[in-house]
Amino acid sequence: MDRPPGRLVNIGTHALHITCQGTGSPAVVFDAALGASSVSWILVQPEVARVTRACAYDRAGFGWSEAGPLPRTAGRVATELRELLQRAGIPPPYLLVGHSFGGLVMRVFAARYRSETAGLVLVDPAQPEEWLEPAEHQRQQIDRGVRLCRYGAAAARLGLARVVAGLVRLGALGPARAAVGVISRGGLRREDEAILAPIWKLPPEARRPLARFWTEPKFYEALGSQIASVRQSAQEVASLPDEAYHDLPLTTVSSTAAGSDRLRWQEDWLGAPCTAVTSSRRKADTGFHSTSPPSSSTRSSR
């Protein structure tokens, strides 16, 4: 799976990778979490492709896509996604699926191009209210993330990131953490290791390209820019007009570990209470959802 599973499409300033499976309409378009890529959907996409066209893409700097202009805000990414879909010959309407940061992108897309959007599915979505005026610990989190990405980009240029990726691929997480600790000058904490952990949640064929992605400067530069501009991205979403989504079909799925503030923001935006969703693989509740369209009266508090 080292070769791109899809194709690179030139959108004018750079080329983006998109891979599609299945046929039908509306096309389901997936956008991944903050530091993730189209590989994240490798288990989901084939299932959706059984009933309609399913397309996963890589934001600029991630996966097989080329680096793009900075800053990497949700608004810029949404504009590039629409250009990608048009140039790739994937006609609307689109059912948009966004995970975490990808949820911000898809909310902007849906509001800007409402006539091209059939529905919106948000998976553990980032809440703009949480980042408009970040608390002190959140500002520290942003600063730390930007700093670690700067170290990562430098390590990638020197070839040190390849050593870490190789250790992770072999399962030698202890030595990998030690190496990263040296590269990051001791700045990496256990909670920052989400960049490493997801590799074990994916099938073996997905691990090789994922590890390779982490050795490229463009990955750290794009990720660092997304983190640094998260307040701008939040503002882009929060400033959307109340009528932007109108009667758009909407579903959200959130972890049961979500905090009370996040669930309250989600309910306010949806205009409906969240109810438990039960996983098909186990009996425990795994999240919350609502299929109600957001109403202007409940979103005006932004």
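The values are calculated or read from the model by the stated rules, or taken from the named source; none is laboratory data. Fair warning: this is a prediction, and the values are worked out from it, not measured in the lab. When we count neighbours, we look across all protein chains shown, and the Cβ atoms used for this are built from the backbone with ideal geometry, even at glycine.
I'd like to verify a number: residues in the stretch 11-26 that are loosely packed, with under 15 Cβ neighbours inside 10 Å and either closer than 14 Å to ILE90 by Cβ or outside the structural domain of SER40 (by TED's automatic domain parsing) (or both), how many?
Qualifying residue count, the stretch 11-26: 3.
In this structure, does GLY89 turn out to be in contact with a Lys or Arg (Cβ under 6 Å, 6 or more places away or on another chain) and free of Cβ contacts under 8 Å to residues at least 60 places away in the same chain?
no
Among residues belonging to the stretch 222-253 that are of a type outside the set (A, V, I, L, M) and crowded, with 20+ Cβ neighbours inside 10 Å, point out the one that is modelled with the lowest pLDDT.
Across the stretch 222-253, the extreme among qualifying residues is TYR245.
Of (1) in contact with a helix residue (DSSP H, G or I) (Cβ under 6 Å, 6 or more places away or on another chain); (2) in contact (Cβ under 8 Å) with a residue 60 or more places away in the chain; (3) buried (at least 19 other Cβ atoms within 10 Å of the Cβ), VAL97 satisfies all except one. Which?
Failing condition for VAL97: (1).
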